[in-house]
Each structure stands twice: as C-alpha cells, then as structure tokens.
Amino acid sequence: MIKPAKDEIHYILLKLHSLTGIVPVGAFLVIHLSINSLRTVGVWPFQLAIDALNNLPFLILIEIGFIYIPLLFHSLMGFYIIHVGKTNMFRYRYQRNWLYTMQRLTGAITFLFLIYHMGTTVGAKLWEGKHQFEAAPFLIDILNGEFQTWQGILVYTIGIFSATFHFSNGVWGFCVSWGILIGKNAQRNGAIVFAAMGIGLTFLGLATVLEFNMNPIPVEATVAG
Amino acid sequence: MTDKKINFKIKRQDKPGLPSYWQNFQVPYKPFANIISCLMEIQRNPTTKAGITVAPVTWDCNCLEEVCGSCTMVINGKVRQACTALVDNLEQPIALEPMSKFPVVRDLQVNRSRMFENLKKVKAWIDIDGSHDIGEGAIMPDSDRAKRYVMSECMTCGCCLEACPQFSLNNSFMGAATFNQVRLFNLHPAGSMNKEERLDAVMGEGGITDCGNAQVCVEVCPKNIPLTESIADIGRQTSWQFIKNLLVK
Ligand code: HEM
Ligand code: SF4
Ligand code: SF4
Ligand code: FES
C-alpha cells in the first residue's frame, strides 16, 4: 500500500507534540516545582539542590536536549494547533469545550511566562557567566527580589497556574488521544485524578512563591572541599 | 388564537458563492408546529414580514422523524434537526441558518458530500462479495452487537462536525462521525479484515490526531452516539497501528 509520506509526517509530528507534553516537558515541570518547593523547608536544602543541578556534567547539553528543544517543539506545534482550531465555547457552552479553549489559552500564557522566567533566571545566569557554585547565590538573589513586588508575585502566580492547569488538563488529553482512557466513566474519573494532581502542583508552586516573599534570605556560595 | 403569529428570521443565499442576507417572515400559529411545517407555510405564501413577495425559502428534509439527518440546520444558534424542533419550545423570532461548515447550495440547503467522501476514504462498509464463495461470517459476541448498534445509528447529519471547533470549511478534518464509522466497522468480525486500511486512512492530515478533545460532538449528536468513546478507541487502535507500522513493516 502506497501512502503519501506527508500524512505519516503529520501523524508523527502531532503524536510527538502530545508525547513531548508529558516527557520531557511535563516531567520537567513536576521535577522543577518539586525541587523549588524545597525552599519551603529551608534555604539550605534549596541551595543544595541548585548546587547539585549546576554541577551536573554536560549541563548545557542536557538543558538543550531534554528541555529547550522539546519545549520549543511543543510550543511551535502548539501554536500551529491553536491556529487550526476555532473556539466556539460561547455558542456551545459545555464544560469540555471550555477546557478545550483554556488548554490553548494557558499554553500561550505559559509560553509568554517562560520567556520572562527564563530571561530573569537562566538567561541572566548565562549572560553573567555564573556557573557551578556561583549560580545558587546569584539566582537566589534575583528570586528574593522578584517576589518582593506584587507585580512579581502576580506574574509568577499566573505563570504557575497556567503551567499546572495546562499540564494537568494536558495529561487528561494525552490519555484520551492515545486511547488510555476510553469509556465515559474512565474519562471522568481520570479528569478527577488529574485535577487533584493539578491542585497539588499549584499548591507546591504557590507555597514556594509565598516562602520567597516572606523570607528573602540571601546565601553565600558553597565552598567546595 | 387565530391571529397569533410565529416570527422567523431566516438567513438566505441565492446561489453558492453569493453573499447571504437575512429576511423576516411571519406564519400563522398552529399548536405543535415544527420548523418544517412552518417552512412549508412560507413556501405556500413566500411573503416577508414587510409584505414583499420573494422566492420561496428552500430546505432539505425527508423522513420527518429524525432518522435521515437531511433537515439539519442551525436553529437559534444551535445545530439540530428542523423536523423535531418544535416551535412551542423555541424563543422567537426563531433564527434559521444553514450549517456554516458545509458549502451552501441555496438558503438552508447545504452540500454534505464531504462526509460521504470521508466514508469512502475509511471504507465504511464490509466486503462480502468475492469471485468465489467466501463462506459464512464469523459469530459476533452480543456485547459487540449492542455496542455496534448504538454506533450504527449515525445518520450522517453533520451536527457533530458543525459544532466541532476543529472542523472548518477550509480544512480537511474528518470529524467524529467518520472516526465512529471506523470503530463500527473495525468491531465487526468480517469488517475487521480491513481494519488496517481504515486506520491508515485516519492517520494523516485531518485524521484522528487533529481532534482536540473539546467533546462538543458528543453533546450535540442527536443519536446520542458515544462519539468521544469512539474517538478514544480509534486513538488507541491507531497508536498500536503506528507502533506496528514502525516495528513490523
Ligand atoms: C510547562 C510547559 C508545558 C507543558 C508541561 C505542556 C504539556 C502539555 C500536555 C501534557 C499536553 C497534552 C497533549 C495531548 O493532548 O495529547 C499539551 C497539549 C497542548 N499544548 Fe502544551 N505544555 C506546555 C507548554 C505549552 C506551550 C508553551 C504551548 C504553546 C502555545 C502549548 C500548547 C499546547 C496545545 C495547543 C495543546 C493542545 C493539543 C490538543 O489538544 O490537541 N503547550 N501540553
Ligand atoms: S472531541 Fe471535539 S475536536 Fe474532537 S471531534 Fe469531537 S468536537 Fe471535534
Ligand atoms: S455522529 Fe451523530 S451528530 Fe454526527 S453525523 Fe452521526 S448522527 Fe449526526
Ligand atoms: S427530515 Fe429526516 S431528520 Fe429531519
């Protein structure tokens, strides 16, 4: 059977968009929010984790290969998907239709937030050349400042909410489009489980923001040895 | 009673490609009137509310009992069958529009051949003829029969496509009705012999990956077909098919 390769490419690209939303991008989001929430336990565990990450071998390759490329791919495909659909949630007011629109909206908001967030963190870190043990005090200093203004808190709250909503609703979409949740009950129960997961992740993120806001403690670079 | 009127606002279009325009009509009230009976009244007396005699409004209908799907149109903003839309349950003036996602033929008539083309693409039938006797068919479990019965009720009306945010006049999305047919025929013991061909047909542009899970289709389907179950099932079947294509072919 001969089939135009264009169709196969289309199928693979959309499946990859779906998959990259879970791994590595979604997995990264979960790990990222979890590690950050160490800040609620204390500034030392947090610094320890950042030190560990910034001393990983081939860090820049890991970041590019496992985060930046998949994220950029997922985002560009995401904007293509947004462009193909046309929301009609005001005409057909059903819950799922509303979530469909929210999935697109939060994707776009997350994209904007990530430009800002990466600019003030990794971007600044690379620009100033703060590597290994120098990264943690530099980053913690920036974050301490960001969470002192209501604008900063607002931007992070919206950003975190968009990302966790988009991810949780996205896991549901993934499970439906790959045929993991098929029946009506299965789909509804899955939605409840993933909503709970989303609330948990949002809580982790916002607790971290609150901790930074209330206890902006500066740190010294860890001295090896 | 006799001077009670039913008010209509109808979107009209004289020919394919021409701009559309609205006209208001009034017909005498009759209890239990439906949209088709009112359209027939307008056909008998094609005079607008302003008193101008115009060309009668055209529409499609056939069974008048919600089994053929031909009278599907947008009534007060929602897609549904005109024959089962009772005037007494509708807010006036009743707005009638042709479906927006199919090319208009004239007034309320649209061309739904895209749906039939898609049925051909996915071979929505079972091959039973051969040049030789191919024997009796396999037995089907009753649970499959029951599932297939519900799916088989599709009347190709187009509601699920009209209401779908991913389906538009100028893209190639196949839509829920088509995916449901793939599931229907793949579940049949004889139909499953062409399973892979059907799956391949929905694994390209406009295929299963282009569904965004907005699930409006299942809400508007007049036959209550579990379309989102069919979509998820075809999602599963195509995912396996993809892995198989990668590893076996
Ligand atoms: C924190 C970063 C992100 C994560 C964790 C994430 C995760 C996911 C997941 C798991 C899905 C479900 C895939 C599926 O439906 O099968 C998804 C879908 C989607 N993502 Fe993202 N995403 C992220 C960022 C973005 C960005 C920046 C955009 C850009 C606009 C975007 C646009 C979309 C769109 C439009 C969909 C819907 C696909 C559909 O329903 O067909 N996402 N995302
Ligand atoms: S689930 Fe949504 S996007 Fe998919 S076919 Fe139904 S209405 Fe369209
Ligand atoms: S699946 Fe339902 S809404 Fe769609 S064409 Fe068939 S009967 Fe109409
Ligand atoms: S005329 Fe057949 S469904 Fe209305």
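The values are calculated or read from the model by the stated rules, or taken from the named source; none is laboratory data. Please read these numbers as outputs of a predicted model, since none were measured by experiment. Virtual Cβ from ideal backbone geometry, glycine too; neighbours counted across all protein chains shown.
Test of understanding: among B:193, B:203, B:140, which residue is more than 25 Å from residue B:75 (Cβ to Cβ), more than 12 Å from ligand 3 (Cβ to nearest atom) and crowded, with 22+ Cβ neighbours inside 10 Å?
Among B:193, B:203, B:140, only B:203 is more than 25 Å from residue B:75 (Cβ to Cβ), more than 12 Å from ligand 3 (Cβ to nearest atom) and crowded, with 22+ Cβ neighbours inside 10 Å.
When the stretch B:97-143 is examined, which residues are found to be in a loop (DSSP other than H, G, I, E, B) and among the aromatic types (Phe, Trp, Tyr)?
B:102, B:125, listed by residue number.
Tell me, which residue of the stretch A:49-91 that is facing chain B (nearest Cβ under 10 Å) and assigned to a helix (DSSP H, G or I) is nearest to residue B:101 (Cα to Cα)?
A:84
Kindly indicate whether any position in the stretch B:47-57 is modelled with pLDDT of 95 or more and in contact with a Lys or Arg (Cβ under 8 Å, 6 or more places away or on another chain).
yes
Conditions tested, residue by residue: (1) touching a residue at least 12 places away in the same chain (Cβ under 8 Å); (2) away from ligand 4 (no atom under 15 Å from the Cβ); (3) among the basic types (Lys, Arg).
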position: B:5; (1), (2), (3): yes, yes, yes
position: B:29; (1), (2), (3): yes, yes, no
position: B:63; (1), (2), (3): yes, no, no
position: B:69; (1), (2), (3): yes, no, no
position: B:79; (1), (2), (3): yes, no, no
position: B:85; (1), (2), (3): yes, no, no
position: B:89; (1), (2), (3): no, yes, no
position: B:110; (1), (2), (3): yes, no, no
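Please state which one of A:17, A:32 is closer than 30 Å to residue A:221 by Cβ and either at pLDDT 95 or above or within 16 Å of ligand 2 (Cβ to nearest atom) (or both).
After ruling out the rest, the residue left standing is A:32.
Of the conditions (1) touching a residue at least 60 places away in the same chain (Cβ under 8 Å); (2) buried (at least 20 other Cβ atoms within 10 Å of the Cβ); (3) in a loop (DSSP other than H, G, I, E, B), residue B:59 clears all except one; give me its number.
Tallying (1) touching a residue at least 60 places away in the same chain (Cβ under 8 Å); (2) buried (at least 20 other Cβ atoms within 10 Å of the Cβ); (3) in a loop (DSSP other than H, G, I, E, B), residue B:59 fails exactly one: (1).
Restricting attention to the stretch A:92-102, which residues are within 21 Å of residue B:80 (Cα to Cα) and at the interface with chain B (Cβ under 7 Å from one of its Cβ atoms)?
Correct list: A:92, A:94, A:96, A:97.
Scanning the stretch B:69-97 for residues that are hydrophobic (A, V, I, L, M, F, W, C) and either within 12 Å of another protein chain (Cβ to nearest Cβ) or within 16 Å of ligand 2 (Cβ to nearest atom) (or both), which turns out surrounded by the fewest Cβ atoms within 10 Å (Cβ to Cβ)?
First, the residues of the stretch B:69-97 that are hydrophobic (A, V, I, L, M, F, W, C): B:71, B:73-75, B:79, B:82-83, B:85-87, B:90, B:94-96.
Going one step further and asking which of them are either within 12 Å of another protein chain (Cβ to nearest Cβ) or within 16 Å of ligand 2 (Cβ to nearest atom) (or both), we end up with B:74, B:79.
Values: B:74: 22, B:79: 24.
Per the stated criteria, the residue is B:74.
Is it true that some residue in the stretch A:47-61 is under 12 Å from the mean Cα position of the chain (by Cα) and on the phi < 0 side of the Ramachandran plot?
Scanning the stretch A:47-61, I find no residue that is under 12 Å from the mean Cα position of the chain (by Cα) and on the phi < 0 side of the Ramachandran plot, so the answer is no.
Looking at (1) in contact with a helix residue (DSSP H, G or I) (Cβ under 8 Å, 6 or more places away or on another chain); (2) free of Cβ contacts under 8 Å to residues at least 24 places away in the same chain, which one does residue A:155 not meet, given that it meets all the others?
Only one criterion is unmet by residue A:155, namely (2).
Please verify whether the stretch A:158-171 includes one or more residues that are modelled with pLDDT of 95 or more and within 11 Å of chain B (Cβ to nearest Cβ).
Taking every residue of the stretch A:158-171 in turn, at least one turns out to be modelled with pLDDT of 95 or more and within 11 Å of chain B (Cβ to nearest Cβ).
Would you confirm, using the coordinates I've provided, whether residue A:38 is loosely packed, with under 13 Cβ neighbours inside 10 Å and either away from chain B (no Cβ under 14 Å) or polar (S, T, N, Q) (or both)?
Working: loosely packed, with under 13 Cβ neighbours inside 10 Å: no; either away from chain B (no Cβ under 14 Å) or polar (S, T, N, Q) (or both): yes.
So residue A:38 fails the test.
For the stretch A:90-110, give me the residue count where each residue is buried (at least 18 other Cβ atoms within 10 Å of the Cβ) and either among the aromatic types (Phe, Trp, Tyr) or touching a Leu at 6+ places or on another chain (Cβ under 9 Å) (or both).
Selection size over the stretch A:90-110: 2.
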